[in-house]
Amino acid sequence: MIDVEPSELGRLSRGLRLDTLVRLRWLAIIGQCAAVAGVHFGLGFRLPFGPCLLLIALSVAVNLTLQIRHPASHRLSDDATTFLLGFDILQLALLLYLTGGLQNPFSLLFLAPVLISATALTPQRTLGLGMLAVGCATLLVLVHRPLPWRPGEPLELPFLYVSGVWTAILLGAAFTGIYAWRVAEEARQLAAALAATELVLAREQHISQLDGLAAAAAHELGTPLATIALVAKELARRLPQDDETAEDMRLLREQVERCRGILGKLTSLGQEDEQTEFLETMTLTHLVEEVVAPQRDFGMPIRIGGRGEGPEPVCRRDPGLVHGLDNVVDNAVGFAETAVEIELAWTGNEVSVEVRDDGPGFAPEVLLRLGEPYVTTRGHDKRGPEEEASGHGLGLFIAKTLIERGGAQLQVSNAALPASGAVVRVVWPREAFDKKTPAHGEKAGLTR
């Protein structure tokens, strides 16, 4: 299994495909050609037709060069994307210089490269491109060719109106840039966090599949071991009892029988019998004890209490569920001051696990966002130095994702005053929790 950092997943998801940028530029080229031809031939207005076509042809040349040198699936680096978007801003600025500057209604197209940058590049690069666009717009307020108009009727719009257009470009670049970056960044974080969740779940599934692999290996090794045992038995019969080799043959036969016994135990792990049901199903208390056991090594007292109506609920052991609950308990142990309390409860309608710690609790500014990816208040905890304990804020997100796939709800809050600490409550409908047992003929709800 390859280990990939969530930050690396986010970086890999940021790159812009060359085909996307090329298609957008072809769309811009078609629009520029239609606008120049429509004004020159359709409306009959005079404008520097040749220089305008030359600038459009330059954009065409850049597009063709990119398509020839790279496949459509190629992902551009941040430097290449920044350079190409900067080129688009300068090319548009030169076209606007020839056709009236900010008096030209197409000057609002300055926002397009900034918007693309906000969805594909870092905020620093987007800020740089936004400043380039605003700088070009500022120069066009002061220096530009006349707006194409009817011969003998020059049109010069008031400076106040042009200043309003400049302000609109400035505010539009800032607003659309921030908004698009925020939306794209949340999508990237969610995709990276889900990918990290899948990696964690895959590791847990591989561990749970080892018993099946062991049973398969035991089945395959059974025949050659039986052959070895038979040959050793025949050789032992032919040798005199006082021969030194006979002692070695007896030892060989004993070790073969020992191997067959071990393989027999492994084979039983893959059979649908009472032993398998005992190993693969567990009560609610046993499930929580399995989650808590590794956490007791950190020296933090963990107390478990249970109460309920009727028999204790039973579920099938599921890697995703175990890992999700482990993240919840791990978070509580990391912040608790003196102890962690785990309360189990069940009725005929629902099953719940409530984890409480007596630490500082969740900060108010992040409490409403807990369960989303990359939301964390963990700087360091009691189990190790900061560089080992600091996280990406994925713990509760992974726990929420894994647990809620099985039909449960994860509720996060702080303890009511005067108590302190965090409270995480996981609630299943009784039917969803019991559905994980072999009696229903289903695998655990969190496995794929």
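The values are calculated or read from the model by the stated rules, or taken from the named source; none is laboratory data. These figures come from a predicted structure and were not determined experimentally. Glycine also receives a Cβ, built like all others from the backbone with ideal geometry; neighbour counts cover every protein chain displayed. Keep in mind that these areas ignore ligands, DNA and RNA; they rest on the heavy atoms of the full protein, side chains included. Shrake-Rupley method; radii C 1.70, N 1.55, O 1.52, S 1.80 Å.
For Y161, the accessible surface of its heavy atoms amounts to roughly 130 Å² (probe 1.4 Å, protein chains only, rounded to the nearest 10). Here the gap between L239 and E354, fully extended at 0.36 nm per residue and compared with their Cα-Cα distance, gives a gain of 34.5 nm.
Arrange the peptides 421-428, 27-34 so that the one whose residues have, on average, the most other Cβ atoms within 10 Å appears first.
Packing order, densest peptide first, comes out as 421-428, 27-34.
Computed from the Cβ-Cβ distance with R0 of 35 Å, the FRET efficiency linking R317 to S77 stands at 0.15.
The order of the peptides 399-405, 313-319, 341-347 by mean Cβ neighbours within 10 Å, most packed first, is 399-405, 313-319, 341-347.
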